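Once you've had a glance at the structure underneath, I'll fire off some questions.
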Amino acid sequence: MAIDGILKIMENQQRSVQKVVRIRSLYAPKEDADWWRSQPYTARLAALEEIRQEVHRWKYGTQPRFQRVYRIVKLK
């Protein structure tokens, strides 16, 4: 999918996280990594899962689901 298509899909999706942009020097200290390391693992996993679901909605437009195929077989 082209980047234009992804951007159109993203515009139509509701944002669950507020968009934040910070402009800073490339040589500034990296605070983000330190902040994430200070968070408990449950918070980091929850954020990762939220990002994963958001990307899946952008790419496929739906929630991920398992595909199941059942086959009934009679054993003798």
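Can you tell me which residue in segment 26-36 is farthest from Arg65 (Cα to Cα), limited to those that are out of contact with any Lys or Arg (no Cβ under 9 Å at 6 or more places or on another chain) and part of a helix (DSSP H, G or I)?
Filtering segment 26-36 for residues that are out of contact with any Lys or Arg (no Cβ under 9 Å at 6 or more places or on another chain) and part of a helix (DSSP H, G or I), the one farthest from Arg65 (Cα to Cα) comes out as Glu31.
Pairs please, first residue from segment 48-60 and touching a residue at least 60 places away in the same chain (Cβ under 8 Å) and surrounded by 13 or more Cβ atoms within 10 Å (Cβ to Cβ), second anywhere and outside any helix (DSSP H, G or I) and among the polar types (S, T, N, Q), Cβ atoms under 7 Å, 6+ apart in sequence or on different chains.
Correct list of pairs: empty, since none qualify.
Here, each number is a calculation from the coordinates, and none is a lab measurement. Small disclaimer: the values here were computed from a predicted structure and weren't measured. Every residue, glycine among them, receives a Cβ derived from its backbone with ideal geometry; neighbour counts consider all protein chains shown.
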